[in-house]
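The structure appears below as structure tokens.
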Amino acid sequence: MTLPLKHFFELPEGILYLDGNSLGPLPKGVAEKVQAAVMQEWGETLIGGWNQCGWMAQPGRVGDRVGRLIGAPEGSVVMGDTLSIKVFQALAAALAMRPDRRVILSDTGNFPTDLYMAEGLIALKNAGYTLRTVAPEDVADAIDHQTAAVMLTEVDYRTGRKHDMTEITRRAQDAGAVMIWDLAHSAGALEVDLTAAGCEFAVGCTYKYLNGGPGAPAFIYVRPDLTLKVEPALAGWLGHRAPFDFDPSYTPAPSVERMRVGTPPVLQMTALEEALKLWDDVDMAELRQTSLALSEMFIAEVEAGCPDLQLVSPRDGAQRGSQVSFAFEHGYAAMQALIARGVIGDFRAPDVMRFGFTPLYLDENDVRAAAAILTEVIRDGLWDDPAYQRKGAVT
Ligand SMILES: *Cc1c(COP(=O)(O)O)cnc(C)c1O
């Protein structure tokens, strides 16, 4: 394989897409596959699709495909719901494993929903739990014998800062805490080896670097030795050992399927299953190297052309995920000006312009062109136009 694999994607002409970290583009073949699932599977087999078309086994089957990209063995990953729900499930299971501890530790850079889910769970349990957040660089030293669970996102959604997964997992476990990793900005962006890291739980979404489409289901990983021990807090019928026994009392499935909740989003998962096929041709080490090279090139060109922009991502590639962020006072308007010129990145409050580097469909020429357009927008003050100040519901 040689990157990029642009021919695998339906990309609009004239667009430089630096936002695959938020919503991956449409891989070729997905539209046809979804069309067939609608017309033939749903349209013709009707209710029979659950058995005849493999819909019921899909969450585990697709989970195994995702597992291959994150160093998880067969049968340790299952798909479903949204990442927020999977965070809740992992955290609830982790707390149940450490009943005499009361602190959830996270960092101040974590994605808000992860923190909200923790707060919601704490309120629900009403048993003296606290959520403690510290600066990302202080997490390892903040773990102590009160810590029930350490819950972190490996790559910071705003800055791209990357935690050392193996080291923090070791520190958590040395202190007797359970480790949960959120791989939202890792899966499909860089090499992840959950088996080597040894964490108890991992969760992530599939509409970012895995290109599963808007609303694609999330995944959860449970370390294989814990599968039969975890207590599902969301005891849904499809996590039951035998859903179609319609047993009035709940017995969890003897597999990672116990982390399933309700009816899977079949059409959405069909899109994802097809989108994941392209990864069979990708060497993650090459992908990572290329992403770092592209990111470094972008940083150099933007710093040379736009002295007003301040790099907020780590300069050292080893400490960065697959995105580069710059702070700029007029970042929102500048991003709108950039999008109007065909360079799509995104904005994160209060002042961060964020650019994702996905070597599957970006090459050096694209990066140079994007940096040149950004330089023009900043140097010539092209962002200073009322049209670029209006905010949509989604930034
Ligand atoms: C994108 C992202 C989410 C989104 O959660 P959803 O439930 O899928 O909307 C959650 N956490 C992190 C760290 C993310 O980057």
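Just a few scattered comments:
- Compared with the dominant Cα axis of the chain, that is its longest principal axis, helix 83-97 is turned about 50°.
- Sequence-distant contacts, meaning Cα pairs under 8 Å at least 6 residues apart, place the relative contact order of the chain at 21 percent.
- Entry note: region 275-330 has Rg to Rh equal to 1.10, where both radii use alpha-carbon atoms and Rh is the Kirkwood radius.
- Positive-pole candidate from L105, G80, G120, dipole of region 43-144, charges at beta carbon: G80
- Degrees between helix 165-174 axis and first principal axis of the chain (Cα, 0 to 90, nearest 10): 40 degrees
- Across the chain, the fraction of Cα-Cα pairs farther apart than 40 Å, rounded to a whole number, is 17%.
- Most positive-pole-ward Cα, L278, M259, S313, against dipole of region 249-323 from beta carbon charges: M259
- In degrees, nearest ten, helix 58-69 long axis to first principal axis of the chain (Cα): 50 degrees
- Semi-axis lengths, Å, region 38-114, gyration tensor of Cα atoms, sqrt of 5 times eigenvalues: 34, 14, 13
- Alpha-carbon Debye profile of region 283-388, log10 I(q)/I(0) at 0.13, 0.19 Å⁻¹: -0.43, -0.90
- Loop-resident sites, region 232-332, for chymotrypsin sites (Phe, Trp or Tyr not before Pro), counting at most 14 other Cβ within 10 Å (DSSP): F246, Y250
- Residue-level accessible surface for L226, protein heavy atoms, 1.4 Å, Å²: 10 Å²
- Non-local Lys pairs in region 53-280, i.e. 8 or more apart or on different chains, that have alpha carbons under 26 Å apart: 8
- Net charge dipole, the chain: roughly 900 debye, given to the nearest 20, about the Cα centre with Cβ charges of +1 for Lys and Arg and -1 for Asp and Glu.
- Whether region 53-280 is rounded, prolate or oblate, judged on the alpha carbon gyration tensor where a/c under 1.5 counts as rounded: oblate
- Leading residue at positive end of dipole, region 283-388 (Cβ point charges), from A300, V367, F355: F355
- Considered as an equivalent ellipsoid built on the Cα gyration tensor, region 93-213 has semi-axes of 23, 16, 13 Å, the largest given first.
- Region 25-178: proportion of alpha-carbon pairs further apart than 24 angstrom, %: 48 percent
- Here, region 345-395 has an Rg and a Dmax of 12.9, 35 Å when only alpha carbons are counted.
The values are calculated or read from the model by the stated rules, or taken from the named source; none is laboratory data. Predicted model only: the values in this text are computed from it and were never measured. As a convention, Cβ positions derive from the backbone with ideal geometry for all residues, glycine included, and neighbour counts pool all protein chains shown. These area figures cover heavy atoms from the full protein model, side chains too; ligands, DNA and RNA do not enter into them. Shrake-Rupley method; radii C 1.70, N 1.55, O 1.52, S 1.80 Å.
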